[in-house]
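Structure first, then comments.
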Amino acid sequence: MSYHCSECGRTLVSRAGDTCGACAMKETRQRVQAEHEETPEREVSHEERCEPVCGATQWTVTEAYCGDEANLVCTITGNPPDGPAIIEILHPENGSVIETINAEMTGGRVESTWVTKAQTENWRTDEIPFRVKAAGLTCNSSNVFTFRDRPTSNWTRKDFMRSCPRREGVAVQRHRTVYELNLEADKVKQRLKLKSFPTGGITDETKTAFETMVTTQSQATWNNGSNDKTFHRRNCQRGDECDCAFDCCKVGYELEINFVDADQHRRVYIVPQPDPPTAQISSWCRWDDSRWAYPPKAVTTYSHEVGHMLGQYDEYVTRCNDPSAAGTLCRQPAPAPAGQHNLMSHSGNSTLLSRHYRRILSFINSKSGNDTYDILPECT
Amino acid sequence: MTYSRNAHNMDRAFKFKLLILITSVLLGHAGCIPAERSKMEFLMIKYTVADLPETPQEMIILKSGEASYVSHTNERFLQRPEIGLYESVLDPSLLSLLGTVFTQHPFSTLPDHTGNMPEGGLSRTVHLVTSSDETIKQIGPADPVESPMQNILNHLDGVVQEIMKSPQQVLRAEITSPVIDAEKNLSITLHLSNVGKENLWLRSPSQLVNQSDGWLLIETWPETPKPGTMWSEQKVNIKPYLAEPAKKTDGSPATLQLLPGASLHFTLQGNFPGEPGAYVARVSYCNFMEQFSTESLIVGQLFTNTIKI
């Protein structure tokens, strides 16, 4: 003999007055109780069952950095049998399925996590829902997931001394480094302000040509040099192989050089090259003073000298190579090992390596609110 | 003898003597050898000039008169289109003169630019080892050089010229036969020769075009400058392709061996962008790859002679 559940009036129970336990929602209980009172307890057929219904379906982590895990949960009432469940993460704009997660429903409950990943360039405002398919039902999330934005900063002036290796009995030689940095929404912007001073034989037209060449060549070299490198969130669960197409877990870089009439970071004296075929003059930087020959001796000369102004050491053997201890991460070796020849080691070579962007990485990590970034590929 | 730019690859006898000299200095510091009397006799002089800072020129002179000079660019000696290793035994009178030059003013007290050197620019280093001490002086491009030091530098440059009379592994580059056709295609023949006494290995010119560790360029400029612009601004570099003997970069040897007295000839071609008129040209051959397989290569930038085109 079977009896209706005294709450829902549907599920069969073994004793009169028992409840099936599946009707957890008060509203459901109240409704079916009213229906049951109209229809007294009676014997029913074995074919009658309590129908499953979507319960709470929601993100339990509603905001996180791109690459972090966001938890979600779905409950289905009506005592559905345990079994497979499919979670579909939906595109914020067109609702298409961007990722399918296979899960298990146990006791009417589905729980899982999604490694969050931006889907559009508007990731900062995108709202991402999900749905769960289980027990013949499709349950839609009642809330959405949004991405936490990276902090930004105002322009920060960096003014420090770059020391040369100490020599016994000789005062430590230092070179001054001055520039500005700004952590924008999607990149670090580095700004270098120069003031040029023509020396004998340099006309106004030549001065303009010099400034244009310095700006064009140096910006191209340092900006293109960063294209195959990434400042990437260390905690991104996609790891070093992250293929995220947007800047949500990555930061870009851009160098801007401006020639100014005042408030410069560095002075540059323009020296005319001797007439060919006389040996060409090499350009140099020192302390707060630089003398650069125009036209440059090599096509990479100005980019190399700008490198010194951005805090780089020479990577050919001199008395002023990187003084940090061997093994220090992102140290600049001298001489540069074979296979690592670069802008700071060899004339005519415009290659830049991850170690040349170490100061940018430090700046990002000083502004990112304890969310640490790494540079990829790693420094060698 | 293998081409190299530092003392470690000199022959064994030379290295042994250098070791003895350095040991003598150390023992002298320890008081084991009686101090030298008033006349300074040097044990070693090393003179480094960073025309190309990544591969500086280096001259070493020993007390015995044995001297070597490794050059990696001829840009200050364009009248000699060659680079490489030179070795000689200097005349005793020249050695004596050097000793005198270094004692006219106490070398250790001469002002130099140590501690105030710029990054980049033509820098020089003079490293003097005597039986009693060791002194290193740095001279940079940014500050004046006092007369006593300049006098020493002038003498050292003179010794360089003396040593260069004895090439050991030296690559010479010359160009001839310039032709410009109606379509402004320029053709030049490049001759690479070994003017030393020993075999040398070099990077094939065909391997240097569009490389990051070297280059091959035809440099051209007007014979007389155009008014209103800097003459040096009118220099135009042409990246050539090699018509002979290597028509393709792939498949051609990466390195070439030249026996003493041997030469190789290459036809370089490129589009000449200049306006009709009198021009001059030279070729710049530059290699920064030091080793290929087991062979040490000629490293540096070599300018050929300049010819009218």
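Read-outs: derived from the displayed coordinates by stated rules, not from any lab. Quantities reported herein were computed from a predicted structural model and do not represent experimental measurements. Virtual Cβ from ideal backbone geometry, glycine too; neighbours counted across all protein chains shown.
Some observations on this one:
- For B:TYR279, the residues 5 or more places off, or on other chains, whose built amide H falls under 5 Å of its own are B:GLU223, B:ILE309.
- Looking at the protein assembly as shown alone, DSSP beta bridges between its own residues are antiparallel in about 85 percent of cases.
- At an R0 of 22 angstrom, the distance between the Cβ atoms of B:THR103 and B:ASP143 translates into a FRET efficiency of 0.35.
- Spatially, region A:325-363 and region A:114-163 are offset by 33 Å when compared through their Cα centroids.
- For chain A, the relative contact order is 13 percent, taking Cα pairs closer than 8 Å that sit 6 or more residues apart in sequence and dividing their mean separation by the residue count.
- Cα gyration tensor shape of region A:143-200, rounded if a/c is under 1.5, else prolate or oblate by comparing a/b with b/c: oblate
- Coupling constants for region B:231-238 follow from the phi torsions by the Karplus curve (6.51 cos²θ - 1.76 cosθ + 1.60, θ = phi - 60°), and in residue order they are 4, 5, 6, 8, 6, 10, 9, 10 Hz; glycine and proline get x.
- Overall, the anisotropy analysis places the protein assembly as shown in the prolate class: the square-rooted eigenvalues a ≥ b ≥ c of its C-alpha gyration tensor yield a/c not less than 1.5, with a/b exceeding b/c.
- The simple Förster model, with R0 at 30 Å and r as the Cβ-Cβ distance, assigns A:GLU69 and A:GLU256 a FRET efficiency of 0.20.
- Here the simple spin-label model places points 7 Å from the Cα toward Cβ, and for A:ALA185 and A:ALA326 these points are separated by 4.8 nm.
- Counting beta carbons within 10 Å around each of B:SER93, A:SER290, B:SER68 and listing the fewest first gives the order B:SER93, B:SER68, A:SER290.
- Amide H to amide H, with H built 1.01 Å from N, A:ASN143 comes under 5 Å of A:TRP59, counting only residues 5 or more places away or on other chains.
- Averaged over A:343-349, number of beta-carbon atoms from partner chains that fall within 10 Å: 6
- Beta-bridge orientation, chain A: approximately 75 percent antiparallel, per DSSP, counting only bridges with both partners inside.
- Percent RCO, i.e. relative contact order, over region A:80-229, from Cα pairs under 8 Å lying at least 6 residues apart: 14
- Peptide packing: for A:165-175, A:333-343, B:160-170, the average count of neighbouring Cβ atoms within 10 Å per residue gives the ranking B:160-170, A:333-343, A:165-175, highest mean first.
- Centre separation in Å (Cα based) which lies between region A:212-232 and region B:121-193: 34
- Near A:VAL268: Cβ cut-off under 10 Å, other residues only, Lys/Arg at +1 and Asp/Glu at -1. The net charge is +1.
- For B:GLU66, distant residues with modelled amide H under 5 Å away: B:LEU90
- Entries of B:LYS46/B:LYS197; A:LYS195/A:LYS250; A:LYS189/B:LYS235; B:LYS46/B:LYS235; B:LYS184/B:LYS235; A:LYS133/A:LYS250 with Cα pairs more than 28 Å apart: A:LYS195/A:LYS250; A:LYS189/B:LYS235; B:LYS46/B:LYS235; A:LYS133/A:LYS250
- Taking θ as phi - 60° and the Karplus parameters 6.51, -1.76 and 1.60, the scalar couplings of region A:197-208 work out to 10, x, 10, x, x, 9, 8, 5, 5, 5, 4, 5 Hz in sequence order, x denoting glycine and proline.
- Residue-wise HN-Hα coupling along region A:243-250, computed from phi with Karplus coefficients 6.51, -1.76, 1.60 (Hz; x: Gly, Pro): 10, 4, 7, 10, 8, 5, 10, 9
- Burial ordering of A:SER282, B:SER132, fewest other beta-carbon atoms within 10 Å first: B:SER132, A:SER282
- Least to most buried among B:GLU223, A:GLU127, A:GLU241, A:GLU305 (fewest other Cβ within 10 Å first): A:GLU241, B:GLU223, A:GLU127, A:GLU305
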